[in-house]
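Before any comments, here is the structure.
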Amino acid sequence: MRPTILAAGVIIGLAWVVAIVHGRLRLDPFARARAAPRARLVATTIEPDQITTSEAAFGVVGYHLPLPAGLTAADSVEVRFRDALDGAKVDAEANGPRSHTRLLRKRIGGDTVTVPLAPGRIDAVDLRVRHGLRPPPILRAAVVFAPPATPAAAGPPLAASPRSTR
């Protein structure tokens, strides 16, 4: 009887190890949850003729980036410059009907500034680049990343074929 119990214990132990290795059974109740997959984002270019450039003070260039109308769930705005900013201080603020929020304040070394957007409706983003004694930055492109617009429900789906029983 002893070898039978020992064999059964070994089989159960091996099954337990296989279940743990394959991730079928979670033993750690405090394990971190996995993040949900991010939604696919669609890039929308802001037209260059809509972007307003101003020089607020010596060494400071301001850009007013209006976002596309009806965009409420944008993820981020990516602003690309012709040359690297070489550590220039960049400030970004969001303007909306009920909000005026600072989104970014940091030094940027590369030629791309990614501004994460706050939730809610944002009409425009004001970007100020404090370039100091460096040459003024020249804007190359501005792109808004947002989830794809969901089409309005047009009713029940159509039948796949004329012979369908629906």
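Using a 1.4 Å probe and counting only protein heavy atoms, arrange Asp83, Asp126, Asp75 so the residue with the most accessible area comes first.
Largest accessible area first, the residues go Asp83, Asp75, Asp126.
Could you pull the accessible area for Arg105 with a 1.4 Å probe, rounded to 10 Å²?
120
What residues qualify as long-range amide H neighbours of Arg140, i.e. H under 5 Å apart, gap of 5 or more or another chain, H built at 1.01 Å from N?
Answer set, sorted by chain and number: Arg80, Phe81, Arg82.
Given segment 57-158, report the % of alpha carbon pairs whose separation exceeds 21 Å.
39
The values are calculated or read from the model by the stated rules, or taken from the named source; none is laboratory data. Nothing here was measured: the structure is a model prediction, and the numbers come from that model. Remember, those area values only see protein heavy atoms, side chains included, never the ligands or the DNA or RNA. Shrake-Rupley method; radii C 1.70, N 1.55, O 1.52, S 1.80 Å.
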